[in-house]
Every structure is written in structure tokens, then in C-alpha cells.
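See structure below.
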Amino acid sequence: MSTVSVLEALQSFLQEKVSPAIKLQKPSDNNIHEYSLVNPAIHVGWLPPKGYLPEGMESAIPCLIVGLDDATDDGQDSQINIRISVVVFSPGFHTPGETGVNYIPDFKGYHDLLNVIDRTVAELMKNQIIDGKVAIQMPVKWGMYQEQPYPYWYGWITFPVKKQTYPTAEIARQFL
Amino acid sequence: MSFKDTVQSDLNVFFNLDEFAETRTIDGRALNVIVDNDRLQQRSQKEYDGISVGEILFYVKASEFGERPEQGTPMIFDGRQMYVFDCREDDGVYEIILQQNRGV
């Protein structure tokens, strides 16, 4: 199984198990009083470039980005270290008002971030074999970055996965 | 007329809406400010995938604005959630630089 297939299997898993269960604020950089909720997008690798959102995707953020930290294959085991980056937009507290939306900025956006991370970790722990091909290994770790680009909040989840090792050459099998 | 009064009367010319100033909404208040568009920038935020940084610099009369804002204070400028990057006071005028993290 190729590395790309592993990343795509994880993307499909998150699209099925995590994204439909969560609604988060859609970014409103030009008018903070606009408030709407969307399901988080699931990307592989990086965020899509500006103006090139995949069809049907409302917003690139909020999202989970399935990425690769590094990988090893020692002939016995093949392991890929996965990093899921989590990005949410959470500038403050919105409430319905008589003349529109009332809004008070705050720095509690990390609550939304950690709730998405917790939900994702819970699903990963419940489903340690994904698509019959990818085996999630322990430990699953998660955290937040020290500095945050408010009103956006960034966090991460890391864990190793095992996949079938590539076959070794006949000559290596005889001598090792 | 004292020197202070002279400076204040000059400020009234600069912050006249028919001259340089324009009305902008800051934290829900309509204030007469001078926006220095030359300093308006947007650059990519290298540390975070998908985030760029927008900046705006404006001048406002300290007497009209009130207490000098501290660095890092959130400020809503014409509906944009920004924060104070820097603020200096000179002869009764604040020079305020705001920054905004913007998504893709």
C-alpha cells in the first residue's frame, strides 16, 4: 500500500466519522458579525491554494489536514508517522441580538480546537484498523501550538500507522 | 493662544472630513480617522499554512479615541476583527497599527 493510499484512507475515515458530527464557525474576515456554521473540511497534505477550493467545499477552514511527518521501513516493519493538523476559526462569542448578531471577542477559541481534537482522537481509538489496511499504533499524541494566529487556532494529533512492508530482494533474504 | 491650543486647532484641520479624515467604525464607534493606505499591506504568514497577515495604519485624535490601546488588544475596524500591533502617541494623536490574521 502506497503512502498516498494511507493518507487518503485516513482522509476518507475522517470524512465519514468526524466531519459530519461537528459544526464550526466559517471564517468571516471582512465582517466579524456574519456568523454561520459549516462541517470541517478534510484535506491531505496542505490547504488548497486561494481560489482553488474543491467543488462543493464551502470553506478551506475549519479543517483537518492529514499529513506525513516521516516514515521508516527496516525490512520487518513499515511505519508511517502521521500528523493531523487541526485549524478552527473562533474569534469570540456571538449571540442573536435585536438588530443582528451581538459579538464579544475573546480568547476561548481553543475550546473549539480541543473539542475537535478530542472527537478525532476518540474515533481513532475506536477504529484502530482503517479500511482493513491501515493499523493505528500507540501512542496517539495531541497538542496546541504555543503561539496562535488569533482568531484562528491551530493544533495537532500525531500517531504512527503500520502498513505492509515492501518485499526485500531475494539476495538480501538469503544473506540477512 | 497657547502652543497647546495652536496644535489642537491644527489637528482640527487635519481631522476635518472635508480634508484628510474619513469616518470609520472602530469597536462600534464612528470615529474620524486618517488611514495611511500606503502602509496597508498583506503578507503571507509563514508559520501557519493558510494564514496571511493584513495590516492597516491609521491616525486618530487621542482626545476622541480615549485611553491609549495596549499592544495585543483586539479591535474591530470596519467589521474586521484585528488586534493592536503598535500604538504611539505624538502631540495628541495616536498612530495605531492594526494587524489581522486572514484565512485562505
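The values are calculated or read from the model by the stated rules, or taken from the named source; none is laboratory data. Quantities reported herein were computed from a predicted structural model and do not represent experimental measurements. All Cβ positions, even for glycine, are placed from backbone atoms using ideal geometry, and neighbour counts span all protein chains on display. Just the protein is used for accessible areas: all its heavy atoms, side chains included, with ligands, DNA and RNA removed. Shrake-Rupley method; radii C 1.70, N 1.55, O 1.52, S 1.80 Å.
For region A:3-173, the fraction of 1.4 Å probe accessible surface lying on carbon and sulfur atoms is 51 percent. In straight-distance terms, cross-link reach from A:LYS126 covers every one of the aspartates and glutamates whose alpha-carbon lies under 18 Å from its own, apart from those fewer than eight places away in the same chain; here that gives A:GLU16, A:ASP118.
Average partner chain C-beta neighbours within 10 Å, per residue of B:75-82? Numbers along the way, then the final one.
Working: counts 1, 7, 1, 3, 8, 5, 13, 4.
For peptide B:75-82, the averaged partner shielding equals 5.
Charged neighbours of B:ARG88, selected by a Cβ distance under 12 Å, balance to -4 (K, R count +1; D, E count -1). Each helix, a run of at least 4 DSSP H residues, gives -39500 (n - 2.57); summed and divided by the residues of chain A, these come to -7000 deg cm²/dmol at 222 nm.
Could you state how much accessible area is buried at the A-B interface, both sides summed, with a 1.4 Å probe, in Å² to the nearest 100? Provide the component values of the computation, followed by the final result.
Values: alone 10630 and 6760 Å², together 15710 Å².
That pair of chains buries around 1700 Å² in total.
In summary, the convex hull built on the alpha carbon positions of region A:39-94 has an orientation-averaged projected area of 5.8 nm². Build a GNM of chain A with springs between Cα atoms under 10 Å apart, and of A:TYR150, A:TYR52, A:TYR103 the one that fluctuates most is A:TYR52.
When the pairs A:LYS50/B:LYS61; A:LYS50/A:LYS162; A:LYS23/A:LYS133 are compared against a 32 Å limit on Cα-Cα distance, A:LYS50/B:LYS61; A:LYS50/A:LYS162 fall above it. Among A:110-117, A:19-26, A:91-98, sorting by the average number of other beta carbon atoms lying within 10 angstrom of each residue, highest first, gives A:110-117, A:19-26, A:91-98.
Look at the stretch A:151-161: the mean tally of other chain Cβ atoms within 10 Å of its residues' Cβ atoms is 2.
Under 15 Å of direct C-alpha separation, and excluding same-chain neighbours fewer than eight residues apart, A:LYS26 reaches these aspartates and glutamates: A:GLU34, A:GLU58, A:ASP112. Distance from the C-alpha centroid of region A:1-53 to that of region A:88-102: 22 Å, rounded to the whole angstrom. When only alpha carbons of the protein assembly as shown are considered, Rg and Dmax amount to 25.2, 101 Å.
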